[in-house]
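Below is one structure, written out as structure tokens; the observations come after it.
The values are calculated or read from the model by the stated rules, or taken from the named source; none is laboratory data. Note that this is a predicted model, so its numbers are computed, not measured. A quick note on method: Cβ atoms are made from the backbone with ideal geometry, for glycine too, and the neighbour counts reach across all protein chains shown. Heads up: the accessible areas ignore ligands, DNA and RNA and are worked out on the full protein's heavy atoms, side chains in. Shrake-Rupley method; radii C 1.70, N 1.55, O 1.52, S 1.80 Å.
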Amino acid sequence: MSILDLLRFKQKNSAFTAKERLQIVVSHQRANNGNKPDFLPQLHKELLDVVSKYTNINREMIQVQLQNEGDFSVLELNITIPSATEAV
Amino acid sequence: MAKAKVIVVTSGKGGVGKTTSTAAIGAELARRGHKTVVIDFDIGLRNLDLIMGCERRVIYDFINVINDEATLSQALIKDKREPNLYILPASQTRNKDALHQEGVGKIIELLKNDFKFILCDSPAGIERGALMALYFAEEAIIVTNPEVSSVRDSDRIIGVLNSDSKIAKEGGEVKKHLLITRFSPARAKRGEMLSLEDIQEILAVDLLGVIPESQAVLSASNQGIPITLDADSDAKFAYRAAVSRLLGEAEVAQPAAKGWSFLRLFKGETV
């Protein structure tokens, strides 16, 4: 944020308020709408196939989530492995 | 002749100037010698014919051609001012299923053989008409007012272009251009209106043109004359400059760091 922006904010500049509100609403919109990459379902399936080769898991035990954080995205994989005695 | 370029004029939000811009840009392309057809996709609420001033010459429409009730040449209306300009009017039917991908695709393929530019005037919203208007587009002109709801909806429609267009589904990307309409440089300078930089920063789309808030727009639509063919006005020259950029004939003038003159936008204008 530049000094100019700060000055503008102090004066309750309505255009600055508009921009701030838009940046928030647009980032939420992009996180929720069709901008999600379409490889997630396929990735989920292939992960399940690979992990199933070594241990006995079902679909619900793999969680794949993509979170947009500003300029980058975080791919979060959460795989629950059953205890060793239950392994195939 | 090279195959036509398909361009959708879209915005998400209504009332921002899609039809005005379609008429203005289509007429200007034709005036410069490019054979152009403008298609009204607002089925049930047609208005492009009215803005173009040919409302009394509509006999057959887009849906008639899709349903094989008329040929394309019967439905196309030739503009009386510009010999290179044609309009394909929308139907007034209330049947939402009348417009379908197969039918639209067939007509666009036919038009591609005869025209250099196919401009698709999208209805507002993200329903079927809007999706059909953008599905076959290679490029998109996103019409945006410097106003929060319009910018948000433009971002939404950009998302739709990136996911639901034919090119996107095939792994490509629709080339997008930002056209800001109803802009007031003085108000933006005073901080009462989003600036051009603000809007570009939020939408991250290259700027095609900036149309000032202008009384000439209403005057042109009152008469059914595309503004680029009407008497000289600031809006007319701004649309002409936008067309120069669309054709790759002029660079976008960069605004000066501290305030900037609206006249800068017209630099490089060739007409």
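State the percentage of accessible surface on the protein assembly as shown attributable to carbon and sulfur atoms; use a 1.4 Å probe and exclude ligands, DNA and RNA.
Working: 9160 of 18360 Å².
Roughly 50 percent, rounded to a whole number.
Expressed as a rounded percentage, what relative contact order does chain B have, with Cα pairs under 8 Å and six or more residues apart?
Relative contact order comes out at 23 percent.
Sequence gap at least 6, Cα distance under 8 Å: using those rules, report the relative contact order of the stretch B:43-107 to the nearest whole percent.
It rounds to 42 percent for the stretch B:43-107.
Using a 1.4 Å probe on protein heavy atoms, which residues of the stretch B:131-159 have at least 20 Å² less accessible area in the complex than alone?
Hits at the 20 Å² cut-off: B:V148, B:R152, B:D155, B:R156, B:G159.
At a cut-off of 50 Å², which residues of the stretch B:185-207 become less accessible once all protein chains are present than in their chain alone, using a 1.4 Å probe?
The answer is B:G191, B:I202 - residues whose exposure falls by at least 50 Å² when every protein chain is included.
Using DSSP to call loops (not H, G, I, E or B), can you name the trypsin sites (Lys or Arg not before Pro) in the stretch B:15-91 whose Cβ has at most 12 other Cβ atoms within 10 angstrom? It would help to have the intermediate numbers written out before the result.
Working: sites: B:K18, B:R31, B:R32, B:K35, B:R46, B:R56, B:R57, B:K78, B:K80, B:R81; in loops: B:R32, B:K35, B:R46, B:K80, B:R81.
Those satisfying the criteria are B:K80.
List the pairs from B:K35/B:K112; B:K80/B:K175; B:K13/B:K106; B:K78/B:K112 whose alpha-carbon separation is above 20 Å, in the order I gave them.
Exceeds cut-off: B:K80/B:K175; B:K13/B:K106.
Nothing charged except the Cβ atoms of Lys and Arg (+1) and of Asp and Glu (-1): what's the magnitude of the dipole of the protein assembly as shown about its Cα centre? Round to the nearest 20 debye.
Here the size comes out at about 920 debye.
Please determine, in degrees from 0 to 90 and to the nearest 10, the orientation of helix B:18-31 with respect to the longest principal axis defined by the Cα atoms of chain B, where the helix direction is its Cα long axis.
For helix B:18-31, the angle is close to 80 degrees.
May I ask for the percentage of alpha-carbon pairs in chain B that lie more than 31 Å from each other?
Counting every Cα pair in chain B, those more than 31 Å apart make up 20 percent.
Taking only protein heavy atoms into account and a 1.4 Å probe, give the accessible area per residue of the stretch B:1-81 in Å². Could the numbers behind the result be given before it?
Details: 3270 Å² over 81 residues.
In whole numbers, the stretch B:1-81 has 40 Å² accessible per residue.
Shape call for the stretch B:1-120 from the C-alpha gyration tensor, a ≥ b ≥ c root eigenvalues: rounded (a/c under 1.5), prolate (a/b greater than b/c) or oblate?
On the way: a/c = 1.36, a/b = 1.14, b/c = 1.19.
Since a/c stays below 1.5, the shape of the stretch B:1-120 is classed as rounded.
Between B:D68 and B:E170, what's the calculated FRET efficiency when r is the beta-carbon distance and R0 is 35 Å? Round to 0.05.
0.80
Shape verdict for the protein assembly as shown, please, from the Cα gyration tensor: rounded (a/c under 1.5), prolate (a/b greater than b/c) or oblate.
Cα axes put the protein assembly as shown in the oblate bin.
Need one number: buried accessible surface between chains B and A, 1.4 Å probe, both sides summed, DNA, RNA and ligands left out, in Å² to 100. List each step's numbers first, then the result.
On the way: alone 12320 and 7440 Å², together 18360 Å².
Buried: approximately 1400 Å² between A and B.
At a threshold of 8 angstrom on Cα-Cα distance, excluding pairs fewer than six apart, so keeping six or more, what relative contact order does the stretch B:57-192 reach in percent? Walk me through the intermediate numbers first.
Values: 147 pairs, mean separation 23.3, N = 136.
Rounded, it is 17 percent for the stretch B:57-192.
Of all beta bridges DSSP finds with both residues in the protein assembly as shown, what is the antiparallel percent, to the nearest 5?
Close to 25 percent.
Ordering A:L40, B:L179 by how much accessible area each has at a 1.4 Å probe, largest first, what is the list?
A:L40, B:L179
Tally the DSSP beta bridges in chain B and give the antiparallel ones as a percent, rounded to 5.
Within chain B, antiparallel bridges account for around 5 percent of the total.
Just the number please: accessible area per residue for the stretch B:114-178, 1.4 Å probe, all protein chains included, in Å².
Counting only protein heavy atoms, the per-residue value for the stretch B:114-178 is 35 Å².
Measuring from centroid to centroid over Cα atoms, what is the spacing of the stretch B:198-227 and the stretch B:93-107 in Å?
29 Å
Using only Cα atoms and rounding to the nearest 10 degrees, what angle (0 to 90) does helix B:234-246 make with the longest principal axis of chain B?
The angle comes out at about 70 degrees.
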